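Here's the structure we're looking at; comments come further down.
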Amino acid sequence: MSQHRIAVVGGTGPQGRGLGYRFARGGHDVVLGSRSAERAAAVADEVRTRLDGVGGAGEVSAASNEEACRDADVVLLAVPYDGHDELVASLPLVGKVVVSCVNPLAFDKRGAHGVVIDHGLGSAAESAQRLQPDATVVGAFHHVSAVTLWGEEDFLDGEDVLVVGDSREAKEVVMEIARSVTSRPGVDAGKLRLARQLEPLTAVLISVNRRYKTHSGLRVHGL
């Protein structure tokens, strides 16, 4: 498996921290980014503690979001949708593979639901591509629970990572990185525009989790 230097933008949140931990456990060097470099340093210490004694683990460091991106070849966006566009536009992402796991969701008395973007003709991942046309954006890791990412299992081998994008080469990079999480490659789920379906599907899993008091994921059968 190729090793990458992966910047996690929003690396101090539960999803970013959990994915950063899994990537480093899989041998990738990880830089956890945050608006606060001090907060990033504290979370990086947590991740390094979890990795103590794990053979072949990558290095984990911390930086501001912008600095984390500069020397990375892969950048993961693990940030809330509020403020997403302004942040993404500000990052140095030219020439990089950018992975969006952003789920634009809203919550009301009936529970979680997807936010409609561009009258149903857009997604967070497509917005990132529009804002950073010289990067290559891939959508992935939308449906992996932050709780299970930070759990004790070596791999989340009961789940699959669905990967969407318009570049076959970029998708192959991300599908291979998914091995760090599930122990097998991610699933090529089609073009980037299908992020319009993947992102709000997270609301369905939240509903399932609430009903059954679990941390559900997705598995594709028949491949």
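Among the residues in the range 93-104, are any without any contact (Cβ under 8 Å) to a residue 24 or more places away in the chain and either within 24 Å of Thr182 (Cβ to Cβ) or out of contact with any helix residue (DSSP H, G or I) (no Cβ under 6 Å at 6 or more places or on another chain) (or both)? No, the range 93-104 has no match at all.
Screening the range 178-194 for residues that are open to solvent by 50 Å² or more (accessible area, probe 1.4 Å) and touching a residue at least 40 places away in the same chain (Cβ under 8 Å) and picking the one that is farthest from Val138 (Cα to Cα) gives Arg179. Here are some residues: Asn65, Asn103. Which one is modelled with pLDDT of 95 or more, touching an Asp or Glu at 6+ places or on another chain (Cβ under 9 Å) and open to solvent by 10 Å² or more (accessible area, probe 1.4 Å)? Criteria check complete, one pass: Asn103. Just to be sure before I move on: is Thr214 among the β-branched types (Val, Ile, Thr), under 21 Å from Gln15 (Cα atoms) and open to solvent by 20 Å² or more (accessible area, probe 1.4 Å) in the structure I sent? Against the criterion (among the β-branched types (Val, Ile, Thr), under 21 Å from Gln15 (Cα atoms) and open to solvent by 20 Å² or more (accessible area, probe 1.4 Å)), Thr214 qualifies. Total residues in the range 23-51 satisfying the condition of being buried (at least 21 other Cβ atoms within 10 Å of the Cβ) and under 19 Å from Glu172 (Cβ atoms): the figure is 3.
Answer yes or no: is there a residue in the range 140-154 that is surrounded by fewer than 17 Cβ atoms within 10 Å (Cβ to Cβ) and more than 22 Å from Gly217 (Cβ to Cβ). Looking for residues that are surrounded by fewer than 17 Cβ atoms within 10 Å (Cβ to Cβ) and more than 22 Å from Gly217 (Cβ to Cβ), one finds none in the range 140-154, hence no. For beta carbons closer than 9 Å, sequence separation of 6+ or different chains, a first residue in the range 144-173 that is closer than 16 Å to Phe23 by Cα and modelled with pLDDT under 95 and a second that is part of a helix (DSSP H, G or I) and open to solvent by less than 50 Å² (accessible area, probe 1.4 Å), the qualifying pairs are Asp157/Thr182.
Is it true that some residue in the range 48-62 is under 30 Å from Val208 (Cα atoms), of a type outside the set (Ser, Thr, Tyr) and out of contact with any Asp or Glu (no Cβ under 8 Å at 6 or more places or on another chain)? There is at least one residue in the range 48-62 that is under 30 Å from Val208 (Cα atoms), of a type outside the set (Ser, Thr, Tyr) and out of contact with any Asp or Glu (no Cβ under 8 Å at 6 or more places or on another chain).
The values are calculated or read from the model by the stated rules, or taken from the named source; none is laboratory data. Keep in mind that this is a model prediction, so the values were computed, not measured. Using ideal geometry, Cβ is built from the backbone for each residue, glycine included, and neighbour counts are taken over all protein chains shown. When the accessible area is computed, the model is the full protein with side chains, heavy atoms only, and any ligands, DNA or RNA have been set aside. Shrake-Rupley method; radii C 1.70, N 1.55, O 1.52, S 1.80 Å.
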